[in-house]
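So the structure is just underneath, and the comments pick up after that.
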Amino acid sequence: MNGRVFVIGLGLIGGSLALCIKKEHKRVTIIGFDINREQARLAKMLGVIDESVENIPEGAKEADLIIISAPVNDTKSIIQALSNLPLKPEVIVTDTGSTKRTIVEAANGLKKKGITFIGGHPMAGSHKSGVSAAKEILFENAFYLLTPDEDIGTSKVGLLKEWLRGTNAKFLTTTPSNHDYLTGVVSHFPHIIAASIVRQTERLSETEHLIPRLAAGGFRDITRIASSSPKMWKDILLHNREILIELLSQWQEEMNGVKELLETGKGEEILAYFSQAKQFRDGLPQKEKGAIPSFYDLYVDVPDYPGVVSEITGYLAQEKISITNIRILETREDINGVLVISFQTEGDRERAEKCILSYTSYGTSNGA
């Protein structure tokens with residue numbers, strides 16, 4: 001394919017999509033715009049885009065594909081602006097937002113002008129943000145949901161998939177409403193629960209000062225999604241509030257059921273509750289990328305002596321294995337500490353485990 005692709009918003013997602021398109025379609029020109037001019041400058045310097053523009057009209061006028069990679073509220077404003085511009089009749093406009101119903105509704109102005117808008121949501125992310133963190137492999141094997149309006153032909157959807165073929169993602173087509181329900185269940189709602197657990201723990205720590213020290217390790221792991229962008233999650237919750245209110249009502253019923261089990265002290269029923277949860281959780285796909293970005297962590301039991309961390313990272317550097325984060329769970333004299341190393345992909349974690357085992361006798365586990 002050839003033509004011009006205009007990417008609005010040059011963060012992790014927008015930058016990674018640009019790289020995927022450049023990799024797959026060598027004759028395409030990528031134009032970029034970001035409200036943060038430093039991000040746009042950096043994107044061009046890193047080769048993520050070919051050209052940067054000062055404003056949206058300049059980049060949109062000759063584009064064959066327009067990708068909006070911005071927060072939900074900003075996306076709606078950008079769509080409104082695009083509907084007032086003289087775009088190419090065959091252009092396809094898409095977005096990357098986490099909610100779809102309100103965005104697709106906002107695209108009615110484009111629809112009235114005969115412009116094709118197809119909602120999109122690549123279910124991938126990273127511990128890092130910004131265009132400098134953009135990667136060609138970010139979406140590999142991830143689900144990429146498309147939410148075309150019912151009057152959009154399959155040929156247009158197929159054309160968008162062809163543009164995005166370099167992502168190596170798994171495309172699924174659904175309705176905007178169904179998308180918001182599905183992502184509400186497996187992404188938005190868990191973020192609320194994680195944040196609520198942290199908030200409750202914070203309140204309890206005001207009188208129990210050991211709580212912050214004890215809430216390391218596993219507690220941090222099960223609540224780490226609560227560290228996501230507060231502004232982004234404010235927008236997501238407001239745009240998907242009806243579904244989330246319904247899910248929260250169901251959650252309250254679930255917790256009332258657990259409370260009743262505790263009040264009645266029925267051990268067998270408590271056992272059955274946890275057994276059923278374990279059975280379902282253990283049956284979930286282990287190699288699939290889901291709605292919440294996976295954390296590819298490797299736990300390494302290391303002895304306590306100076307330089308052990310640089311020793312481990314040195315081995316990984318020799319094998320050219322990149323890490324995204326590293327931290328120590330516990331280290332005390334005469335007791336092995338636990339080094340937690342995070343990676344971008346499952347493949348990197350597997351390579352790292354083989355690397356460390358080949359150089360050392362340290363115990364490792366992936367914590368799955």
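Just to be sure, is L10 farther than 21 Å from K135 by Cβ, crowded, with 24+ Cβ neighbours inside 10 Å and aliphatic (A, V, I, L, M)?
Details: farther than 21 Å from K135 by Cβ: no; crowded, with 24+ Cβ neighbours inside 10 Å: yes; aliphatic (A, V, I, L, M): yes.
No; evaluated as a whole, the condition is false for this residue.
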Among the residues of the range 212-223, is any part of a helix (DSSP H, G or I), more than 16 Å from A194 (Cα to Cα) and at pLDDT 90 or above? no
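Hey, could you check the range 235-271 for residues that are touching a Leu at 6+ places or on another chain (Cβ under 7 Å) and free of Cβ contacts under 8 Å to residues at least 24 places away in the same chain and say which is surrounded by the fewest Cβ atoms within 10 Å (Cβ to Cβ)?
Quick first cut of the range 235-271, residues touching a Leu at 6+ places or on another chain (Cβ under 7 Å) only: 237, 244, 269-270.
Subset that is free of Cβ contacts under 8 Å to residues at least 24 places away in the same chain: 269-270.
On the way: E269: 12, I270: 14.
The extreme case among them is E269.
Is it the case that the range 15-22 has a residue that's of a type in the set (G, A, S) and modelled with pLDDT under 95?
So the first thing to find is which residues in the range 15-22 are of a type in the set (G, A, S), and the list is 15-16, 18.
From the residues that got through so far, the ones that are modelled with pLDDT under 95 too are none.
Scanning the range 15-22, I find no residue that is of a type in the set (G, A, S) and modelled with pLDDT under 95, so the answer is no.
Could you grab me the full set of residues in the range 19-52 that are small (G, A, S), within 13 Å of V131 (Cα to Cα) and touching an Asp or Glu at 6+ places or on another chain (Cβ under 9 Å)?
Filtering the range 19-52 for residues small (G, A, S) gives 32, 40, 43, 47, 52.
Of the ones still in play, those that are also within 13 Å of V131 (Cα to Cα) are 32, 40, 43, 47.
Matches in the range 19-52: G32, A40, A43.
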Please find, among G97, G47, the residue that is assigned to a loop (DSSP other than H, G, I, E, B) and on the phi > 0 side of the Ramachandran plot. G47
Residue set S196, S275, S205; condition more than 27 Å from G119 (Cβ to Cβ) and in contact with a Pro (Cβ under 6 Å, 6 or more places away or on another chain); output residue S205
Yes/no for E162 being farther than 28 Å from R281 by Cβ, touching a Lys or Arg at 6+ places or on another chain (Cβ under 6 Å), of a type in the set (D, E) and in the same structural domain as K100 (by TED's automatic domain parsing): no
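For every residue, the table says whether it meets (1) under 14 Å from V72 (Cα atoms); (2) modelled with pLDDT of 95 or more.
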{"position": "W233", "(1), (2)": "yes, no"}
{"position": "L244", "(1), (2)": "no, yes"}
{"position": "E253", "(1), (2)": "no, yes"}
{"position": "N256", "(1), (2)": "no, yes"}
{"position": "G265", "(1), (2)": "no, no"}
{"position": "L271", "(1), (2)": "no, yes"}
Restricting attention to the range 63-82, report how many residues are at pLDDT below 95 and in a loop (DSSP other than H, G, I, E, B). 2
Do we have any residue at all in the range 81-104 that's surrounded by fewer than 16 Cβ atoms within 10 Å (Cβ to Cβ), more than 16 Å from A63 (Cβ to Cβ) and either touching a residue at least 12 places away in the same chain (Cβ under 8 Å) or out of contact with any strand residue (DSSP E or B) (no Cβ under 6 Å at 6 or more places or on another chain) (or both)? no
Among the residues listed as Q286, Q279, the single one being at pLDDT below 75 and closer than 30 Å to H179 by Cα: Q286
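Among the residues of the range 133-163, count how many are touching a strand residue (DSSP E or B) at 6+ places or on another chain (Cβ under 7 Å) and not charged (D, E, K, R).
Initially, the range 133-163 is screened for residues touching a strand residue (DSSP E or B) at 6+ places or on another chain (Cβ under 7 Å), giving 139, 141-148, 152, 156-157, 159-161, 163.
From what's left, not charged (D, E, K, R): 139, 141-148, 152, 157, 159-160, 163.
Number of matching residues: 14.
Checking the condition more than 20 Å from E162 (Cα to Cα), without any contact (Cβ under 8 Å) to a residue 40 or more places away in the chain and among the β-branched types (V, I, T), which residue from I35, I31 passes? Reasoning before the result, please.
Values: I31 fails: more than 20 Å from E162 (Cα to Cα).
The match here is I35.
Could we say that I21 is farther than 25 Å from K234 by Cβ, in the same structural domain as T116 (by TED's automatic domain parsing), assigned to a strand (DSSP E or B) and over 18 Å from the mean Cα position of the chain (by Cα) here?
Details: farther than 25 Å from K234 by Cβ: yes; in the same structural domain as T116 (by TED's automatic domain parsing): yes; assigned to a strand (DSSP E or B): no; over 18 Å from the mean Cα position of the chain (by Cα): yes.
Judged against the criteria, I21 is not a match.
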Kindly list the number of the only condition in (1) in contact with a Phe, Trp or Tyr (Cβ under 8 Å, 6 or more places away or on another chain); (2) at pLDDT 85 or above; (3) surrounded by fewer than 18 Cβ atoms within 10 Å (Cβ to Cβ); (4) of a type in the set (D, E, K, R) that fails for K354. (1)
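Find the strands (runs of 3 or more DSSP E) located wholly in the range 107-198 whose residues include 1 or more that are surrounded by fewer than 17 Cβ atoms within 10 Å (Cβ to Cβ), and list them. Can you show your working first?
On the way: elements: 116-122, 143-148, 170-173.
Ranges flagged: 170-173.
Every residue, every condition in (1) within 19 Å of the chain's Cα centre (by Cα); (2) closer than 23 Å to N108 by Cβ; (3) among the polar types (S, T, N, Q), yes or no:
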site	(1), (2), (3)
P148	no, yes, no
D151	no, yes, no
A169	yes, no, no
D180	yes, yes, no
F189	yes, no, no
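The values are calculated or read from the model by the stated rules, or taken from the named source; none is laboratory data. Treat the numbers as computed from the prediction; the structure is a model and nothing was measured. Every residue, glycine as well, gets a Cβ built from its backbone with ideal geometry; the counts of neighbours run over all protein chains shown.
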